Amino acid sequence: MTVQTDSRLIAENLSLGYGDRVIVDNLDLEVRTGVITTVIGPNGCGKSTLLRALGRLLKPRSGSVLLDGKAIGSMRTKDVARTLGMLPQAPLAPEGLTVADLVARGRHPHQSWLRQWSSDDEGEVAEALALTGVSDLADRPVDQLSGGQRQRAWISMALAQGTDILLLDEPTTYLDLAHSIEVLDLVDRMHEELGRTVVMVLHDLNLAIRYSDQLIVMRDGAIVAAGAPKDIISAELLLEVFGLEAAVIGDPVSDRPLVVPIGTRHVYGAVGGPETK
């Protein structure tokens, strides 16, 4: 089946689940090429399940995922891996594996019995290490790195893979705010400088808003809103999807919305301004 569209990655009538449980039902999605798209939503809404299906890590119950117009499930693994890279949540490396060896694994889809390791592969690995700022860590075991260093090493591997599309499931998991910003700045540079199409899952709403061109908002396995952050983020949407009472104001650093949770410590006064208890 071939679909004429500018989107290289598409889900059609996608239903997903585990065992008897249906997580996503009859979902349609087109990933815009050349932008950063972030999937947000409450826990258990199907964000990571959707990303796993887009990365061919989870077989659909029904429907299909199309990559460049072809059903991704029917494609050869190496052909998919040359186009699409997937970084799962909290990936694990074998004990003692060095950063350089981890990043070199990103070149495996390009190897064959006719094409062995070459100087081109060496150059791709060196460039990926440099772009992610981990060249000086090349000989360090991955399991001895800090959380931020480890995430940069894994992203370096995905970068060395040389794919046009990157899927990142919670790339800031277990990271403090400073390291989260560091990793997302790196993702943004990869998008800006290398033209990568990026699809991420994030929990932090304000980071998702700031670093995304496109947001996909999910609830109960369905997409309830999609579009540019400034076009879809509102107090009403946050209450509907997350059950979160919040004020949405202008971000003083960017031209994006900024979510300010209200919580029980503050209440709104008669004129609409926050009052501290």
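Among the residues of segment 76-91, just one is of a type in the set (V, I, T) and assigned to a loop (DSSP other than H, G, I, E, B), namely T83. R189: of a type in the set (D, E, K, R), within 23 Å of R52 (Cβ to Cβ) and either without any contact (Cβ under 8 Å) to a residue 24 or more places away in the chain or not in a loop (DSSP other than H, G, I, E, B) (or both), yes or no? No, not satisfied.
Mind checking which residues of segment 151-186 are at pLDDT 85 or above and among the aromatic types (F, W, Y)? Matches in segment 151-186: W154 only. Just one of the listed residues (R196, R189) is within 30 Å of S15 (Cβ to Cβ) and modelled with pLDDT under 95, and it is R196. Answer with yes or no whether L244 is in contact (Cβ under 8 Å) with a residue 40 or more places away in the chain, among the aliphatic types (A, V, I, L, M) and farther than 30 Å from G162 by Cα. When the stated conditions are applied, L244 does not pass them. Residue count for segment 52-75 satisfying the condition of being at positive phi and part of a strand (DSSP E or B): 1.
Does V183 satisfy the condition of being surrounded by 14 or more Cβ atoms within 10 Å (Cβ to Cβ), aliphatic (A, V, I, L, M) and not in a helix (DSSP H, G or I)? So V183 does not fit the description; no.
Yes or no, residue by residue, for (1) in contact with a helix residue (DSSP H, G or I) (Cβ under 6 Å, 6 or more places away or on another chain); (2) modelled with pLDDT of 90 or more; (3) closer than 30 Å to R105 by Cβ:
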site	(1), (2), (3)
N13	no, yes, no
R32	no, yes, yes
T37	no, yes, yes
P42	yes, yes, no
A53	no, yes, yes
L57	no, yes, yes
R76	no, no, yes
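Scanning segment 80-125 for residues that are among the charged types (D, E, K, R) and buried (at least 17 other Cβ atoms within 10 Å of the Cβ), we see that the one that is modelled with the highest pLDDT is D101. For segment 215-266, a residue qualifies if it is under 16 Å from L29 (Cβ atoms) and of a type in the set (D, E, K, R), and the qualifying residues are R219, D220. Annotation note: of V22, V39, the sole residue that is assigned to a strand (DSSP E or B) and either surrounded by fewer than 16 Cβ atoms within 10 Å (Cβ to Cβ) or in contact with a His (Cβ under 7 Å, 6 or more places away or on another chain) (or both) is V22. Among the residues here, T49 qualifies as part of a helix (DSSP H, G or I), in contact (Cβ under 8 Å) with a residue 12 or more places away in the chain, under 28 Å from R210 (Cβ atoms) and among the β-branched types (V, I, T).
Within segment 136-150, the set of residues being crowded, with 17+ Cβ neighbours inside 10 Å and either modelled with pLDDT of 85 or more or not in a helix (DSSP H, G or I) (or both) comprises L137, A138, V142, L145, Q149, R150. Taking the listed residues A178, A128, the one that is among the small types (G, A, S), assigned to a helix (DSSP H, G or I) and under 14 Å from V99 (Cα atoms) is A128, with no other qualifying.
Matching residues to (1) of a type outside the set (A, V, I, L, M); (2) surrounded by 13 or more Cβ atoms within 10 Å (Cβ to Cβ):
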| position | (1), (2) |
| --- | --- |
| L215 | no, yes |
| R219 | yes, yes |
| I223 | no, yes |
| V241 | no, yes |
| L244 | no, yes |
| G250 | yes, no |
| V260 | no, yes |
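If I filter segment 207-252 down to residues being closer than 22 Å to R196 by Cα and part of a helix (DSSP H, G or I), which single residue comes out as farthest from the chain's Cα centre (by Cα)? Here the residue is P229.
The values are calculated or read from the model by the stated rules, or taken from the named source; none is laboratory data. Keep in mind the model is a prediction, meaning the values are calculated, not measured. Please note: Cβ atoms are built from the backbone with ideal geometry, for glycine as well, and neighbour counts cover all protein chains shown.
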